[in-house]
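The values are calculated or read from the model by the stated rules, or taken from the named source; none is laboratory data. From a predicted model like this one, the values you see are computed outputs, not experimental measurements. Here the Cβ is made from the backbone with ideal geometry for all residues, glycine too, and neighbour counts use every protein chain on show.
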Amino acid sequence: MNEVLQKYLPSHGVAPVFKMVEEHRIHLKIVNERVTRHGDYRRMPGGVHQITVNANLNKFRFLITLIHEIAHLVAFERFGRNIKPHGREWKFTFQELMLPYIRPEIFPEHLLPLIARHFKDPKASSDTDAHLSVALKKFDPENDKNYIFEVPAGGLFRIYNGRVFKKGQKLRKRYKCLEVSSGKIYLFQPNAQVEFLLG
């Protein structure tokens, strides 16, 4: 497991993460990309804790995702199974588990302020923090995707399942977009990754 983690994590994060995985007897599965999530936690029959994380994540996003899922396990054990999945108990646990990793030996210097700010009030997904998401994307392999905020107003874009939308106005935080085939309006985070279509 140690050798596997070295492939997916920043080198200074491997030993402490390995210790956590062992301590909580986690069955860690690294899986093919799932578009709708980076990772998940399940308590399996027999009390086995299974965490899955997408293999295509860069090392920094992989670390944040893995700690996010371990925080679910620890919060449920500490506070009981009736807590909200991303409620205050989980947030507190996620902050506590993540704190030892927010240092320059693990994350690049320029990411540290963004990560520190995110962890003042961590969200259900780091993708909802546009600044952090854009900064983390710089460590991904090149791809042909754009962010919604880069698509010009009125421009057409395609999402992962082939549906095509026309970008509309920005509300407080999200963009109002029209699905071309149905005429329905959907809201998109500014940092959602899409394929820009030349009209």
Conditions (1) surrounded by fewer than 14 Cβ atoms within 10 Å (Cβ to Cβ); (2) modelled with pLDDT under 85; (3) within 30 Å of Lys91 (Cβ to Cβ): number failed by Glu142: (3)
Matching residues, the stretch 142-164, being in a loop (DSSP other than H, G, I, E, B) and aliphatic (A, V, I, L, M): Val151, Ala153, Ile159
Residues of the stretch 175-199 satisfying the condition of being more than 23 Å from Asn143 (Cα to Cα) and either among the charged types (D, E, K, R) or in contact with a helix residue (DSSP H, G or I) (Cβ under 7 Å, 6 or more places away or on another chain) (or both): Lys176, Glu179, Lys184
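Okay, residues lined up against (1) at pLDDT below 90; (2) exposed (fewer than 12 other Cβ atoms within 10 Å of the Cβ):
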position	(1), (2)
Ser126	yes, no
Ser133	yes, no
Tyr147	yes, no
Tyr160	yes, no
Val164	no, no
Lys173	yes, yes
Lys176	no, no
Output for the stretch 28-58, where each listed residue is assigned to a helix (DSSP H, G or I) and crowded, with 21+ Cβ neighbours inside 10 Å: none
